[in-house]
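**Student:** I have a structure here, written as structure tokens, and I will follow up with some questions on it.
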Amino acid sequence: MQTQPRVKWWTRLGDWLDERFDIRIPLEAFLNKPVPKHAIKWYFCLGGITFALFVIQGVTGILLSLYYKPTPTDAYDSILFIMNNVRFGWLIRSIHAWSAKLMIAMCIAHMLRVFITGSYKKPRELNWVAGTFLLLLTLAFGFTGYLLPWDQTALWGSTVGSEILGAIPLVGDALLGLLRGGPDVTGLTLTRFYGAHMLVLPALIFVFLGAHFVIIRRQGISGPL
Ligand code: HEM
């Protein structure tokens with residue numbers, strides 16, 4: 001008796017979805033785009049590395065949020081609890097903190113690559129603008145996350161950081177009040193930074209990442225030089 005070749009489960013799932021939504025052809029057309037030879041270089045991977053670090057931030061951030069308590073009375077203790085009592089809590093927190101720093105470094109390195117190879121020029125100007133917003137959002141993630149441990153370093157770091165933003169001409173005072181929720185860094189500031197870190201910034205970065213990637217797919221990668 002002849003045995004039928006085994007069909008992989010993901011092929012069967014694909015067939016099942018295709019029968020219902022007719023998605024195979026448009027999806028394959030969208031995904032199957034070979035990387036041009038000139039772009040197979042390490043410095044063309046910096047944007048992808050930034051994105052990989054963003055995904056790591058998302059996953060470790062969700063895990064931390066299972067134990068972190070965003071109130072002035074509990075925040076610091078919840079960090080101690082994560083470090084000392086939660087299994088691998090120290091590791092998850094350290095990965096989150098280190099990949100945050102790396103993400104900023106990689107984002108800047110990626111931006112420099114785009115600048116040096118002139119990839120910001122026509123027709124990619126709008127993607128440069130989207131990228132600038134992505135850099136600002138990445139920095140905002142770092143800034144709002146810095147306060148969350150609610151220790152002395154966090155408190156004074158955020159005090160000085162928000163003071164700097166308050167010095168921006170015209171909008172500085174309003175921005176300072178909006179960020180701090182009053183003249184000083186208090187529990188209200190912690191609530192606001194937590195809300196920004198967990199809700200507002202993720203929502204915004206998804207919009208700009210989506211735009212960034214759609215533009216890259218439409219225009220293709222720049223070059224060769
Ligand atoms: C969260 C931050 C960012 C992520 C995840 C990201 C991701 C990417 C990826 C995956 C690519 C494909 C090519 C490559 O990897 O080099 C790319 C291309 C591009 N990025 Fe970004 N990017 C970010 C920030 C920025 C910034 C800050 C700028 C500039 C201000 C920028 C401008 C561009 C431009 C103009 C391209 C097209 C380059 C080309 O066609 O050669 N991006 N980005």
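**Student:** So, with +1 on the Cβ of K and R and -1 on the Cβ of D and E, and no other charges, what is the size of the charge dipole of the range 59-178 about its Cα centre, to the nearest 20 debye?
**Tutor:** Using only the charged Cβ atoms, the result is roughly 640 debye.
**Student:** Show that you can apply the helix-only estimate: for the chain, add -39,500 (n - 2.57) for every DSSP H stretch of four or more residues, divide by all residues, and state [θ] at 222 nm to the nearest 500. Walk me through the intermediate numbers first.
**Tutor:** Values: 10 runs with 154 residues, N = 225.
Helices in the chain give a 222 nm mean residue ellipticity of -22500 deg cm²/dmol.
**Student:** For the range 176-225, which whole percent of the accessible surface, found with a 1.4 angstrom probe, sits on carbon and sulfur atoms?
**Tutor:** 75
**Student:** Among GLY182, VAL160, LEU66, pick out the residue whose Cα is farthest towards the positive end of the charge dipole of the chain, where Lys and Arg carry +1 and Asp and Glu carry -1 on C-beta, about the Cα centre.
**Tutor:** Going by the Cα projections, it comes out as LEU66.
**Student:** Is the shape of the chain best called rounded, prolate or oblate, per the rule: a/c under 1.5 gives rounded, else a/b larger than b/c gives prolate, else oblate, with a ≥ b ≥ c the square roots of the Cα gyration tensor eigenvalues?
**Tutor:** Because a/c hits 1.5 or more and a/b fails to exceed b/c, the chain counts as oblate.
**Student:** Next up: Give the calculated FRET efficiency between ALA203 and TRP90 to the nearest 0.05, with a Förster radius of 25 Å applied to their Cβ-Cβ distance.
**Tutor:** Numbers: r = 29 Å, r/R0 = 1.18.
With a Förster radius of 25 Å, E is 0.25.
**Student:** Could you state how much accessible area LEU201 has, in square angstrom rounded to the nearest 10, with a 1.4 Å probe and all protein chains kept in place?
**Tutor:** 20
**Student:** Give me the 1.4 Å probe accessible area per residue for the chain, excluding ligands and nucleic acids, in Å².
**Tutor:** That works out to 68 Å² per residue.
**Student:** In the chain, which whole DSSP H runs stretch at least 15 Å along their own axis (Cα) and average 1.0 or higher on the Kyte-Doolittle scale?
**Tutor:** Helices meeting the span and hydropathy rule in the chain are 46-65, 89-116, 125-147, 201-219.
**Student:** What is the magnitude of the charge dipole of the chain about its Cα centre, with +1 placed on the Cβ of each Lys and Arg, -1 on the Cβ of each Asp and Glu, and no other charges, expressed in debye to the nearest 20? Spell out each step's value before the answer.
**Tutor:** On the way: 20 positive and 12 negative charges, 208 e Å.
Computed charge dipole of the chain: roughly 1000 debye.
**Student:** Using a simple spin-label model with points 7 Å from Cα along the Cα→Cβ vector, what separation in nm is obtained for MET83 and TYR43?
**Tutor:** 4.0
**Student:** May I ask you to give the percent of accessible area on the range 42-144 that is carbon plus sulfur, with a probe radius of 1.4 Å?
**Tutor:** The C+S portion of the solvent-accessible surface of the range 42-144 is 75 percent.
**Student:** How much solvent-accessible surface does PHE115 expose, in Å² to the nearest 10, with a 1.4 Å probe and all protein chains in place?
**Tutor:** The value for PHE115 is about 110 Å².
**Student:** How much net charge surrounds ALA29 when only other residues with a Cβ under 14 Å from its Cβ are counted (Lys, Arg +1; Asp, Glu -1)?
**Tutor:** That sum, taken over residues with Cβ under 14 Å, equals +1.
**Student:** Same structure, new question: Would you kindly find the accessible area of ARG93, with a 1.4 Å probe and non-protein molecules such as ligands, DNA and RNA excluded, rounding to the nearest 10 Å²?
**Tutor:** Taking all protein chains as shown, ARG93 has close to 70 Å².
**Student:** Ok, one more. Taking the Cα centre of the range 8-132 as origin, sum charge times position over the Cβ atoms of Lys and Arg (+1) and Asp and Glu (-1), and report the length of that vector in debye to the nearest 20.
**Tutor:** For the range 8-132, the charge dipole is close to 520 debye.
The values are calculated or read from the model by the stated rules, or taken from the named source; none is laboratory data. From a predicted model like this one, the values you see are computed outputs, not experimental measurements. Glycine gets a Cβ as well: all are built from the backbone with ideal geometry, and neighbour counts include every protein chain shown. When the accessible area is computed, the model is the full protein with side chains, heavy atoms only, and any ligands, DNA or RNA have been set aside. Shrake-Rupley method; radii C 1.70, N 1.55, O 1.52, S 1.80 Å.
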